[in-house]
1. Order by neighbour count: Glu181, Glu91, fewest other Cβ atoms within 10 Å first, most last.
2. Neighbouring Cβ atoms within 10 Å as the yardstick, rank His139, His473 fewest first.
3. What chymotrypsin sites (Phe, Trp or Tyr not before Pro) does region 192-228 have in DSSP loop regions with at most 12 other beta carbons within 10 Å?
4. What ranking do Lys272, Lys146, Lys76 get, fewest neighbouring Cβ atoms within 10 angstrom at the top?
5. With a point put 7 Å past each Cα toward its Cβ, work out how far Asp434 is from Ser203 in nm, to one decimal.
6. Using alpha carbon centroids, what distance separates region 156-197 and region 100-142, in Å?
Amino acid sequence: MLNSDNAQDTPPKANRRQLLKAGLASAAAASAGAAQATLSLRLGGDANTDEGRYLGHSRVRSGPVGFTSFIHPTAKIQTTQFSIGAQSLIEGFVTLNGASARIGNATNLQDNDRLLDYTGGRIPARGDLQIGDGSFTAHGVTFIGKVRIGDASGTVINAVVQNARVGDASLTGLAARILGEDPHRPIDIPDASLVLFGARIRSQADVAANIIPIPAPFSLFASDVDQENLLLARGYNLLHRAASRTLPFSAEANSPRNPGANFPDVATAFGKLSIAPPTVSRRGTGPIPARQATLGDLSFETFQPFPLGAPGTPLPNGPAPDSPEAGARFIRPRVASPELVDNGAIVLGGVELGAGVVVGPGAYLHGADSPSIGIGARTQIGRHSSVHQLTFTSVRVGTDVVIGNRVVLHGPLEIGNRVRVGDGAVLFGPRIADGVTIGAGAVVFGPVEVTRDVPPGAIVVAAGNEFLIAPSHNAAQASLAPVASTRTEWQLAGDSGGGCSCGAGALLFHFHS
């Protein structure tokens, strides 16, 4: 177990032999299914010398944890007690405050997640979070007070969980709120439950009406997310080691394990224009697969994403299967106006930004799983907003779009020109027509086309999915017929699991086949 009792420990020195022995022991433990990662690697000083690298069990701030887990350099781990398991990932701009955070094996917290103290009730409680093995926490999730998330569970985009216990194999839906008032008597969500979209649960009495047994496609979706994040954790770990020239890489001149002088250092690789980490499952660099990359494709060359074009145009076919780009696994963004990207933001990997695009602090544009995010000229992206996409899908945003704070845009997604997206909104899967305004806190889910303004707090789903909206959600609701333009990308996502149709596309096709 790793803990964080001492922030000011003097780093012990370790020579190369000690590093190698500890690293090999950690890798063997992880491959044997060890319950917890036992090695932490912290970088300090000059990373090219032994004095600049040390092993320690008392504090993990960022970087590789063993050879399978990773904590992003922009994450702020500020709890008194902290532990993280093997094959786990803490993404950019995650903030953990309070007394304790215990992250299990094969678990992840995605960008802009946070743990806060509970101060609003008569019984205050410091942040106390425990997430079980094989669970994921999507973008923009907030945990407050004492929270227990079971094994193989998911907490989805912009959800809030306060003083609650969520059972094993459960999923807390989009923009749901579980708001327990007593940390000593947390709200209990049963195993294998789906907390419905937009739910407002303030007591145990509210639970039954706002959950359903989790549908099989949602469990399969959670499994797909877990697999992607296992690869990302290893990929970030490998990227950081390459950038810092630490094991299994080398700073020795002429060594085949030396990434070379042209490969970015840690500050560049994890800076505001970040390099996408390598994953062995990435199929080419375009939104349509070229061929599956293999471990034999690993090189230290970096490539730019395949140009996407404007919303509404056909997707490109990607690079030729025998081209270097088809096997490239270190991808850098293409940004026309880098000076307009805040130094506290991240534009990662397969992202193309047009001229005049403004990106606010804490925003995270994540072109790693599928390097296919394109943002049109003069678009503005607010603070702590996230842009992400499913494998084989894209996010394409038009010109002169204004995106608010803590917004999540998730592909497959197309947004036209002059669109306005209010603070806290979630767009997952739709096509948004030119000039539409999406109100603050609204949710639009599924392969639908939105041609009219969406009121604040509204939930819009594809027809046939109305049952996903919680009865306690009292804002406007609507359902729209799926449209072919985005349904094709949902199908690609559905087929991403080796032809088993168990990807996220199955969420929609299960109900419309």
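1. Glu181, Glu91
2. Working: His139 27, His473 21.
In order of increasing Cβ crowding within 10 Å: His473, His139.
3. Working: sites: Phe197, Phe218, Phe221; in loops: none.
Of the chymotrypsin sites (Phe, Trp or Tyr not before Pro), not one in the loops of region 192-228 has a Cβ with at most 12 other Cβ atoms within 10 Å.
4. Numbers: Lys272 20, Lys146 24, Lys76 14.
The order, fewest Cβ neighbours first, is Lys76, Lys272, Lys146.
5. 5.2 nm
6. 11 Å
Each reported figure results from applying straightforward, stated rules to the coordinates on display, with no laboratory input. Just so you know, these numbers come straight off a predicted model, no measurement behind them. All Cβ positions, glycine included, derive from the backbone under ideal geometry; neighbour counts span all protein chains shown.
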